[in-house]
Amino acid sequence: MKWKLKPTLNQVLAVVSAIAAVLGIITFFVVFYNGGTYVVASPLPSGSTYTSSTAQAAATSTATSTAAEATSTASSTLADYSSIYSQAPMAWTEGVDTISITGADLNGSQLTLTLAVQMGQTAECVPMDVRLVADENGDLTAPLTTQFSFPDSGTCEGVPGAFYPDQQIVFNVDPTTLPLIFTTGGTSNKFFELSTTSEGGITISPPPTSG
């Protein structure tokens, strides 16, 4: 006698569910687990992957490049002009002392004038009265340097008969407003004009007179 097995509906559904579960597990491992590398869905060159470290490196490279470009651009806009004078283009007397300009340097917005001070026969404090004429109204701007500092005293007090070269005074200026007008101030109160040359030098001379 032959027996025929007729599976019930519940048995068929159980087998189908088991097969579906196995296929789901296989699909998960194939799609989502690929050696720890996550593949980006956006277009990339064939075989390329994109990780968070790649993004950080790209951002750092871009930022560094941009900063370097900005620094280069800023540096290129700051012209440097400089002159040393074998014969002083401007000299004046304050009390018994003679002051003369021996050099000038313009670096961006910083102007440095180099002065030489020849003391008279009296010990005294030599005043630093040079001022920038700021505008047409005659407003004056003082230098950042507040006083002379002579090596033997550390102050503006000079020794009778002494010669003090390389005394520097520094101004903040707007290089776009050249030529600049200065006054020696004090009792001498002489005026001089400062301008740059196409060769990178600085010219100092009395201001032009009109008429």
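Some observations on this one:
- On the stretch given as the range 141-169, residues that are closer than 16 Å to T122 by Cβ, of a type in the set (S, T, N, Q) and either in contact with a strand residue (DSSP E or B) (Cβ under 8 Å, 6 or more places away or on another chain) or not in a loop (DSSP other than H, G, I, E, B) (or both) total 1.
- Among the candidates I204, I181, the residue that is closer than 17 Å to Y85 by Cβ and either out of contact with any His (no Cβ under 8 Å at 6 or more places or on another chain) or not charged (D, E, K, R) (or both) is uniquely I204.
- Selection of the range 89-140 for residues being hydroxyl-bearing (S, T, Y), under 24 Å from T176 (Cα atoms) and part of a loop (DSSP other than H, G, I, E, B) yields only S109.
No value in this document is a laboratory result; all are computed from the given coordinates. Not measured: the values here are computed from a predicted model. So basically every Cβ, Gly included, is an ideal-geometry build from the backbone, and we count neighbours across all protein chains shown.
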